[in-house]
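Peer 1: Sharing a structure below in structure tokens format, with a few things to ask.
We did not get these values from a lab; they are worked out from the coordinates using the rules stated. Every value quoted in this text rests on a predicted model; they were computed, and no experiment measured them. All Cβ positions, glycine included, derive from the backbone under ideal geometry; neighbour counts span all protein chains shown.
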């Protein structure tokens, strides 16, 4: 398979001889902007497939890993060294989580945020077409990280270019640089991420260049998941130990003329109405 960027990297589980064969088996697919995004936002897919013979998780990471804030032992890394390290960390996570494949497309963030995303959209559409996943995990449209939003937009456009017969059954927008606690409860999808807690933590700790630099994404993400489970319903006991909130994105694929702006405006207005009604 050919990639647009020379820097692109493809890891394939040794159960398969090519990405095409790995893609045929993949049932769950996540598209994230950065190395470690998949492990934080799409753990539901990883855990759903882990040690399962008939389910496989696949990951696509869009950017090249250059430009993160660094500290500790990593503070003197050049951008090129950091990019290479983050690519290797993502490969280690894929091996640990037993993914079917992990593709890193190698786009600079500045290029991803460009209004013209045609190369990226085509590449994502091609990977979606060969994989034909049943479940897709994306960033959510109200995320506050510009690169996350840009990757989300390209991913939705890529999905919209697939014919109806190849559309996934479920498409989720997941928490990242903004949670989804502001959604009306009936618009939240609770993804149970209680399974394999040791694996969840180990996947996060793989990304030493981030966590050991002083950005404790592991503690923050595990805390958010537990808080979601506990604060979901004040009138019932905790049925799940960890929850990732997600937003159902299928309406954007059913109505391909609906703008993302109008879709999210409806969600915000619904929450506003609910809060004001309670008052």
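Peer 1: Using label points projected 7 Å from each Cα along Cα→Cβ, tell me how many nm separate residue 181 and residue 198, to one decimal.
Peer 2: 3.1
Peer 1: Going by how many other Cβ atoms sit within 10 Å of their own, how do 170, 50, 101 line up, fewest first?
Peer 2: Details: 170 15, 50 18, 101 27.
Ordered from fewest to most neighbouring Cβ atoms within 10 Å, 170, 50, 101 come out as 170, 50, 101.
Peer 1: Given the Cα-Cα distance of residue 255 and residue 113 and 0.36 nm per residue of separation, how much length would full extension add, in nm?
Peer 2: Values: separation 142, 0.36 × 142 = 51.12 nm, distance 2.45 nm.
Value of the extension gain: 48.7 nm.
Peer 1: Restricting things to alpha carbons, find the Rg to Rh ratio for the range 169-223 using the Kirkwood radius for Rh. Display every interim value, and only then the final one.
Peer 2: Values: Rg = 13.6 Å, Rh = 13.3 Å.
Looking at the range 169-223, the ratio lands at 1.03.
Peer 1: Could you check what % of the DSSP bridge pairs in the range 9-278 are antiparallel, to the nearest 5?
Peer 2: Details: 12 of 30 bridges.
That works out to approximately 40 percent antiparallel.
Peer 1: Between the alpha-carbon centers of the range 192-254 and the range 127-142, tell me the distance in whole angstrom.
Peer 2: About 19 Å separates the Cα centre of the range 192-254 from the one of the range 127-142.
Peer 1: Determine the gain in length on full extension of the stretch residue 231-residue 81; use 0.36 nm per residue of separation and subtract their C-alpha separation, reporting nm with one decimal.
Peer 2: Values: separation 150, 0.36 × 150 = 54.00 nm, distance 4.13 nm.
So the extension gain works out to 49.9 nm.
Peer 1: Continuing with this model, one more query. Given only helices, namely DSSP H runs of n ≥ 4 each adding -39500 (n - 2.57), what is the per-residue ellipticity at 222 nm of the chain, to the nearest 500 deg cm²/dmol?
Peer 2: On the way: 12 runs with 122 residues, N = 279.
Computed mean residue ellipticity for the chain: -13000 deg cm²/dmol.
Peer 1: When you take every Cα atom in the range 58-101, what is the radius of gyration, and what is Dmax, the widest Cα pair distance, in Å?
Peer 2: 11.8, 34
Peer 1: Choose one answer from 142, 195, 30: the residue with the largest mean-square fluctuation in a GNM of the chain with alpha-carbon springs under 10 Å.
Peer 2: With Cα springs under 10 Å in the chain, the top fluctuation among 142, 195, 30 is at 195.
Peer 1: Can you give the relative contact order of the range 170-247 as a percent, counting alpha carbon pairs under 8 Å and 6+ residues apart?
Peer 2: Numbers: 79 pairs, mean separation 38.9, N = 78.
Relative contact order of the range 170-247: 50 percent.
Peer 1: What residue among 110, 184, 209 has the largest mean-square fluctuation in a Gaussian network model of the chain, using Cα springs under 10 Å?
Peer 2: 110
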